[in-house]
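This report concerns only the one structure given below.
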Amino acid sequence: MKKQILRTSLIITALLLLIGCGVIKSQQTQDDWENMFNGENLKGWTTKIHHYEVGDNYGDTFRAEDGMIKVRYDQYEGEFNDRFSHLYYDRPFSDFHLTMQYRFVGELHPGAPDYTLLNSGIMFHSQDPRTMLKEQDWPISVEMQFLAGIEEGKERPTGNMCSPGTDVVYEGKIDPRHCINSTSDTYYGDQWVTAELIVLHDSLITHIINGKTVLQYTKPQIGGGVVKGFNPSLKQDGKTLKEGLIALQSEGQPIDFKNIKIKNLKGCMDPKAKNFKDYYVIPDMKSCSY
């Protein structure tokens, strides 16, 4: 057992060093990556839109078309009216490597806040939408924010961290900012951008854009503000977030998502087991089968 614990510690240390040095990049192999989107429909995903009950995909906001998940507003009546929306993958994760591509398209829907122009993201360690009240605007979660450039020559990095109803530790202390900018380049127009997220429960979180590590922080936890209309019993400030759901975001800006894949990093780390994987970094010895 001591040897196993030592081996696990060494693997985690090595992984953190690689991430910190920006060595870990997009993996080329498809082995053991799980496709989260089947390319045909939204089976396995659940929608929650502000002002609507869970499961009501008002206006076909999220749609499966052309092998992509598209966010559109052409069926909306009236202005945006803060209809912030999220599409949740129904399975929770604690330790994972997520990869996807996104591109911004079209025009901001009338009435959407100015800050949502060329703005979207993915939420993780999120509360289940079934625990959200009808008038809750955002899920208690952590966001990897996606932005695109608006003015030529003016930096607008992507792969940032935003914290609806949460806090994170950045550079050794809880950061009071709602959003922390990454060091990414600025991307303009409708070009595809590859975003990766490596999450180790309530430990290290790493954001990667086009193969480059652009942001790291630790200890995601419930706290902070921004979220409104939530069930007070669920916002237990200071509680660490070790797992949760993953969701695609809709804020009034059309966007496309594709190649959405995830690799679970927690599992059996006994080489003698049938389900051993050498890329696991967090042990789950109860899952071992022989």
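Within the shell defined by Cβ-Cβ distances under 14 Å, the residues around residue 229 carry a net charge of +1, with Lys and Arg each +1 and Asp and Glu each -1.
A straight Cα-to-Cα reach below 12 Å connects residue 258 with the aspartates and glutamates 40, 65, 66, residues fewer than 8 places away in its own chain not being considered. For the options 94, 141, 233, a Gaussian network treatment of the chain with springs between C-alpha atoms closer than 10 Å singles out 233 as fluctuating the most.
Computed from backbone phi, the HN-Hα couplings of the stretch 75-91 come to 9, 6, 9, x, 6, 4, 6, 6, 7, 5, 9, 9, 10, 9, 6, 6, 10 Hz, rounded to whole numbers (Karplus: 6.51 cos²θ - 1.76 cosθ + 1.60, θ = phi - 60°; Gly and Pro given as x).
Checking the Cα-Cα distances for 228/266; 48/242; 48/261; 48/70; 43/219; 173/235 against a 26 Å cut-off, the pairs over it are 228/266; 43/219.
Between the helical axis of 2-20 and the longest alpha-carbon principal axis of the chain there is an angle of about 40 degrees.
Please list, by residue number, every one of the trypsin sites (Lys or Arg not before Pro) in the stretch 42-128 that is coil in DSSP and has at most 13 other beta-carbon atoms within 10 Å. Before the final figure, lay out each step's value.
Details: sites: 43, 48, 63, 70, 72, 83, 103; in loops: 43, 72, 83.
Of the trypsin sites (Lys or Arg not before Pro), the ones in loops of the stretch 42-128 whose Cβ has at most 13 other Cβ atoms within 10 Å are 43.
Assuming a ≥ b ≥ c are the square roots of the Cα gyration tensor eigenvalues, decide whether the stretch 94-159 counts as rounded (a/c under 1.5), prolate (otherwise, with a/b larger than b/c) or oblate.
Working: a/c = 2.56, a/b = 1.38, b/c = 1.85.
Since a/c reaches 1.5 but b/c is at least a/b, the shape of the stretch 94-159 is classed as oblate.
Going by a ≥ b ≥ c, the root eigenvalues of the Cα gyration tensor, does the chain fall in the rounded group (a/c under 1.5), the prolate group (a/b larger than b/c) or the oblate group? Prolate shape, in that a/c is at least 1.5 and a/b is the bigger ratio. Note that the stretch 54-62 has calculated 3J(HN,Hα) couplings of 4, x, 8, 8, 3, x, 6, 3, 9 Hz, one per residue in order, obtained from phi through the Karplus relation 6.51 cos²θ - 1.76 cosθ + 1.60 (θ = phi - 60°); glycine and proline are x. Straight Cα distances below 20 angstrom link residue 277 to the aspartates and glutamates 31, 32, 34, 95, with same-chain residues fewer than 8 positions distant left out.
Values in this text are rule-based calculations from the coordinates and carry no lab data. None of these values were measured; they are calculated from a predicted model. Glycine also receives a Cβ, built like all others from the backbone with ideal geometry; neighbour counts cover every protein chain displayed.
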